[in-house]
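Okay, structure first, notes after.
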Number of protein chains: 4
Amino acid sequence: MKEIIDTLIKFRNERDWEQFHNPKDLALAINVEAGELLELFLWKDSSEADKEKVQEELADVFAFAFLLAEKYGFDVKEIVLEKIKKNAEKYPVDKAKGTAKKYTDL
Amino acid sequence: MKEIIDTLIKFRNERDWEQFHNPKDLALAINVEAGELLELFLWKDSSEADKEKVQEELADVFAFAFLLAEKYGFDVKEIVLEKIKKNAEKYPVDKAKGTAKKYTDL
Amino acid sequence: MKEIIDTLIKFRNERDWEQFHNPKDLALAINVEAGELLELFLWKDSSEADKEKVQEELADVFAFAFLLAEKYGFDVKEIVLEKIKKNAEKYPVDKAKGTAKKYTDL
Amino acid sequence: MKEIIDTLIKFRNERDWEQFHNPKDLALAINVEAGELLELFLWKDSSEADKEKVQEELADVFAFAFLLAEKYGFDVKEIVLEKIKKNAEKYPVDKAKGTAKKYTDL
């Protein structure tokens, strides 16, 4: 992951874009890219989405997510594993198994 | 990253949730989590957002993004580096330096 | 508002699009359009957004929101006024005045 | 629609919230609420979404959309009807009938 982040930072710095990349706008960018990803599934079944375009839009979501993580000094592996632990408490296997209910409704 | 994805898959399978995790709903989930991340910046400057909550919501965005990548068999490093290359063509340094304009307006 | 909805329905039916317009995809469409609206403010201050484009993207958000309301038989005026009443309870003037805090933090 | 907007403005002004309601944050708010609406359909078919909650979240989307329209002095009816006209050109009946394709793929 270090290589991804280093390449993103290099790309950003070459263009002098750090001035725009405050956390709020990075969170905005994640939403904009997530919306473009979502559009690929609009009015469609999963199987009808264009895989190549999904790849590109998902890459954009990752790119801004990595940049936001970097801004805060988060270690991506650490924060995801930590969140999985929290979710394991919210969604204990015996209650959550086989149901799509939100933890507030379990 | 393999460890993150393996842990996510284990968490999902223990709860028998693969049945819900089709690509379309994973793209939806990314948007839902991106919206929750965005809410932390609503009516605020970047500096006023709660760092701990940002960490949690960003972790959720990553979790569903990794799960969607896994569904398609994408290598996250590969797709992000490939997208950076494409973006480098869309945003050549000499045109894009210091401006936040979209490539269609450069 | 009846005229807006009637025109939207006519536009939809002429294209035989009702088959795609299930509530879930309409909610998706609202998110996609909301993302396009948001993009107009990305890396910018409010004042720098292109007013004409804001008009178009906001119109798209309204269009799909009206179509979703119609699907459920909601009266838009009624549901908004009802929600304002609920919000007035969540955000009593004496506690909420001048603060951007969420009701859970008041 | 005037009554909706007037009630929203009154609600906002009583709480002294106009200071937070710049266009960029209103666009953010629309996305946040659109995400909450979308969550009601996550991992589900349209028919499984909770109608009452859809009503509330859709009302929130409308509320911020009306507030953003008001900020720019847009007449909602006018901008939606105008957008339908534009879309009718992008999606001529003979090409768009019965297909969910984007206009760029028609």
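Key figures
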quantity	calculated
Region C:5-52 and region D:66-83: distance between their alpha carbon centers, rounded to Å	13
For the axis carrying chain D to chain C: nearest C-beta residue of D, whole Å	D:34, 2
Tilt relative to chain B, helix B:23-39 - C-alpha long axis, 0 to 90 degrees, to 10	60
Principal axis dimensions, region C:44-106 - Cα atoms, whole angstrom, descending	38, 37, 16
Fraction of the pair-distance distribution of chain B above 19 Å, Cα-Cα pairs, percent	60
Candidates B:50, B:94, B:25: whichever shows maximal mean-square fluctuation once chain B is modelled as a Gaussian network with Cα springs under 10 Å	B:94
Other copies of residue A:44: label-to-label distances in nm, shortest first, labels 7 Å along the beta-carbon direction	2.5, 2.8, 3.6
Translational diffusion of region C:27-75, µm² s⁻¹ [Kirkwood Rh, Cα pairs; Stokes-Einstein; 4 °C; 1.567 mPa s]	113
Above-threshold pairs, the threshold being 23 Å between Cα atoms, out of A:77/B:86; B:44/C:44; A:101/D:51; A:71/B:44; A:2/B:86	A:77/B:86
Mean residue ellipticity (222 nm) of chain B, computed from DSSP H runs ≥ 4 via -39,500 (n - 2.57), nearest 500	-21500 deg cm²/dmol
Normalised per residue, the volume of the convex hull around the Cα set of the protein assembly as shown (Å³)	138
Copies compared at residue C:106 - label distances in nm, ascending, label defined 7 Å from Cα in the Cβ direction	3.1, 4.7, 4.7
Spin-label pair residue C:48/residue A:53, simplified geometry with 7 Å Cα→Cβ offset, distance in nm	2.9
Label spacing, shortest first and in nm, from residue B:95 to its equivalents in the remaining copies (7 angstrom along Cα→Cβ)	2.5, 5.3, 5.4
Between 0 and 90°, nearest 10: helix B:51-72 axis offset from chain B longest Cα axis	80
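Quick note: the coordinates plus some simple rules give every number you see, no bench work behind them. Source: prediction; values computed, not measured. All Cβ positions, even for glycine, are placed from backbone atoms using ideal geometry, and neighbour counts span all protein chains on display.
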